[in-house]
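The values are calculated or read from the model by the stated rules, or taken from the named source; none is laboratory data. The structure presented is a predicted model; accordingly, all values stated were derived computationally and were not measured. Every residue, glycine as well, gets a Cβ built from its backbone with ideal geometry; the counts of neighbours run over all protein chains shown. Only protein heavy atoms, including side chains, enter the accessible area calculation; ligands, DNA and RNA are left aside. Shrake-Rupley method; radii C 1.70, N 1.55, O 1.52, S 1.80 Å.
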Amino acid sequence: MSSAVPPLFLRRLSVALAVWTGGVVLLHYFWPIGPVREAAQPVLRTVVLLSGMVLVLAAVRGVMHHGRRWRRPESAAFLVGAGLSLGTGLLPGGYEAGPGWWVYAWLLRPGWAALLALVPLFLLAALYRRLRMDEPAAFLFAAGLVLMLWAQTPAMVATWPWLAGLRHSLLSWLVAPVLRGVLIGLSLGVVWRLLAQRGGHSG
Amino acid sequence: MSSCRYCGAENADDATLCAQCGRVLTVPPPQVLAQIQGVLPAEPVILSGRLPPGDEALWQALVTAVAASSPPPPSSPSPATGGPAMRIGLGLPMVVVILITAVLTAAGWRSDLSPAPPRPGVAAAYHLIAVLPSTARVLLAWDYDPTTQGEMQLLAQPLLRHLLSRRVVLVNVSLRPLGPAMAAAAFAGLETAVPLAQAPVDLGFLPGESAALQALALAPAGVAPLSPAARDRLALAGDEPITAFDLIIEFSAETATSRQWVEQIAARQPVPLIVAASGAVAPALEPYAQTGQIVALLSGYPDALAYEALLGIPGTATERQMAQNAVHLLVLAVVIAALIRSLRRRPSP
């Protein structure tokens, strides 16, 4: 037997724990009454703690991984960034005062915001380079873009207030039914594929 | 020893690739929900170690596996191209309409024009907050990152101003690690400092997503350690459920977290849920707003502006109207340029 396989009793213990936890949480979901609630409360609190531990372990694993290859620039940058974040976060005030706030306000926030701010530029560049009005889909795309842009421009909406109503109508009468259809279709598709898979394996 | 099911060669127990033919020895059984393309991420077979260089059989096995898992190419090119007629018939009028509208707007717009009527979601959120008594507890969920802070803070601040004017007890919580910093930044960005007596109680970051929300629903005061002062201000018993709150407001830039709030809290508890979402997320949440699980859904900059107009207190959103106009017109100019470029382009083959 390979040494990577845990002992039998550990495997049985983990299965028993998973069944107990899942059963209690599922029961509580449908019947949030006295005894079930009493049982679910410590289970859920433990899950929150465990999730925190998982995050810590993931961070430790990341540091160990990049620590082994610290000569590479990207790994060195990761280690410096992680050390800086951890150090300033542990100082009194955390990220809400002092050096932690400075790191957050002048490094983290502008860096992250810059990432998202690039997205419209990429989209506009793609639109400029790839838009071809000889396809119906391209026309619908461009028309939808212009309509939503108009409906969110303050000067346009102030001049023509019906544009605000148009935005609401587009969301309520067009976008919501389509998304609801997608959600329902997705659920039915998952169920169908599951049943088909099960049938295929048993047969 | 285990034998390869392809070539029959004997391999060590812990081997993952056949030493003879290089194929994968142990293929895990298909798991629930695996292999549904586009719905869930693929579950790759993790191989220990790397492929040794120069072993052609292993590389061939890898190439075969990748080719087998790739979707087949489309059998025919995309149909339905309208050609020059569509370009001239639809594209040209579109450019003309956009240009005329832009010119008319620029000519007719004045800064003293009254704002547009608010959407029903904005009015509903305003009235829900306006009727809160001063003893009410309001849970604020900060589920966005610095990436979307520019948009989300604009939306959060009018709501915070309104809540502070009602003198209710505010409680911060977040499913995102940087959520507490987002909350602090939103409060710090208000024009007037928050009085100490109204400082929010911080439950901090809750890891565990859906399970964390269930724990929060069971006993909000029990999920995070609180200082005695915060405990006094919150005035909640350790095992009191989330129904002790009068209102929940989630600031969200992610569909998944809002869906968790709806599934774990709003669908099962009688506490009304307001979601203030980024413009990109709000359309995906509209079905939940239509079913009433989200009582009021606010979306992006336009709703921030509308809320400030309802409050009657001009804030950051009002101050940035000119900047918003300028950026939107710039984007419109690029769209017009793309349309004109498209009209001059040869039809696609």
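Which order do the peptides B:327-333, B:160-166, A:115-121 take when ranked by the mean count of other beta-carbon atoms within 10 Å per residue, highest first?
Working: B:327-333: 15.7, B:160-166: 17.9, A:115-121: 12.3.
Descending packing order for the listed peptides: B:160-166, B:327-333, A:115-121.
Dipole orientation for the stretch B:148-245: of the candidates B:238, B:225, B:197, B:197 has the Cα lying most toward the positive pole (charges on Cβ; Lys, Arg +1; Asp, Glu -1).
The alpha carbon radius of gyration of the stretch A:91-135, expressed as a multiple of 2.2 N^0.38 Å, is 1.99.
Within 10 Å of each Cβ in B:183-190, how many Cβ atoms from other chains are there, averaged over the peptide?
Values: counts 1, 7, 6, 0, 1, 4, 0, 0.
Neighbouring Cβ atoms belonging to other protein chains average 2 per residue here.
FRET efficiency for the pair residue A:137 and residue A:82, taken as 1/(1 + (r/R0)^6) with r the Cβ-Cβ distance and R0 = 56 Å, rounds to 0.80.
A Förster radius of 41 Å, combined with the Cβ-Cβ distance separating residue B:256 from residue B:104, puts the computed FRET efficiency at roughly 0.50.
Once you list every other residue whose beta carbon is under 14 Å from the beta carbon of residue B:248, what net charge do they have if Lys and Arg are +1 and Asp and Glu are -1? Can you show the working numbers first?
Details: positive: B:137, B:268; negative: B:143, B:246, B:250, B:263.
Taking every other residue near residue B:248 into account, the sum is -2.
Packing here is the average count of other Cβ atoms within 10 Å per residue, and on that basis the peptides A:6-12, B:91-97, B:271-277, B:147-153, highest first, run B:271-277, B:147-153, B:91-97, A:6-12.
Using only alpha carbons, the stretch B:198-349 has a radius of gyration to Kirkwood radius ratio (Rg to Rh) of 1.14. Distances between placed amide hydrogens fall under 5 Å for residue B:277 paired with B:252, B:298, B:299, B:300, all partners being 5 or more residues away or on another chain. Taking every Cα-Cα distance in the stretch B:120-246 and sorting them into 5 Å bins starting at zero, the pair-distance distribution P(r) comes out as 2, 10, 20, 23, 22, 17, 6, 1, 0 percent.
Computed on the stretch B:100-202, with alpha-carbon pairs under 8 angstrom and 6+ residues apart, the relative contact order is 29 percent.
Within the full protein context, the accessible area of residue B:21 is estimated at about 30 Å² for a probe radius of 1.4 Å.
Remark: accessible area buried at the B-A interface is about 6900 Å², both chains counted, probe radius 1.4 Å.
Based on the alpha-carbon gyration tensor of the stretch A:98-203 and its eigenvalue square roots a ≥ b ≥ c, which shape applies: rounded if a/c is under 1.5, prolate if not and a/b is larger than b/c, or oblate? Mind dumping the intermediate values first?
Numbers: a/c = 1.97, a/b = 1.26, b/c = 1.56.
Here the stretch A:98-203 falls in the oblate category.
Count Lys and Arg as plus one, Asp and Glu as minus one, and take only other residues whose Cβ is under 14 Å from that of residue B:264; the net charge is then -2.
Using mean Cβ contacts within 10 Å as the protection proxy, how do A:101-111, A:72-82 order, highest first? The partial results should precede the final answer.
Details: A:101-111: 15.9, A:72-82: 13.0.
Highest to lowest by the protection proxy: A:101-111, A:72-82.
Which of rounded, prolate or oblate describes the protein assembly as shown when judged by the alpha-carbon gyration tensor and an a/c cut-off of 1.5? Oblate.
Before rounding to the nearest 500, sum -39500 (n - 2.57) across all DSSP H runs of length at least 4 in chain A and divide by the residue total; then give [θ] at 222 nm in deg cm²/dmol. Result for chain A: -27000 deg cm²/dmol, rounded to the nearest 500. Under the simplified labelling scheme, the residue B:96-residue B:68 pair shows an inter-label distance of 6.0 nm, with each label point 7 Å from Cα along Cα→Cβ. Counting only other chain Cβ atoms within 10 Å of each residue's Cβ, the peptide A:122-132 averages 5. When you filter the trypsin sites (Lys or Arg not before Pro) in the stretch A:28-119 for DSSP loop state and at most 12 other Cβ atoms inside 10 Å of their Cβ, you are left with A:69, A:71.
Overall form of the stretch A:42-158: prolate. Here a/c, set by the Cα gyration tensor axes a ≥ b ≥ c, is 1.5 or more, and a/b is the larger of a/b and b/c. Among the protein heavy atoms of the stretch A:40-100, carbon and sulfur supply 74% of the accessible surface, probe 1.4 Å, non-protein parts ignored. Please report the net charge: other residues with Cβ closer than 10 Å to the Cβ of residue B:121, K and R +1, D and E -1. Neighbourhood net charge equals -1. The mean sequence distance of close C-alpha pairs (under 8 Å, at least 6 residues apart), as a share of the length of chain A, puts its relative contact order at 5 percent.
Check every DSSP H run in chain A and write down those whose alpha carbon atoms cover 18 angstrom or more along the long axis and whose mean Kyte-Doolittle hydropathy is 0.5 or greater. Result, helices passing both filters: A:8-30, A:34-68, A:73-90, A:109-130, A:136-152, A:176-202. Shielding value for B:323-335 is 4, the average number of Cβ atoms from other chains within 10 Å of each residue's Cβ.
Annotation: extensible slack from residue B:341 through residue B:127 equals 72.2 nm (criterion: 0.36 nm per residue apart, minus Cα-Cα distance).
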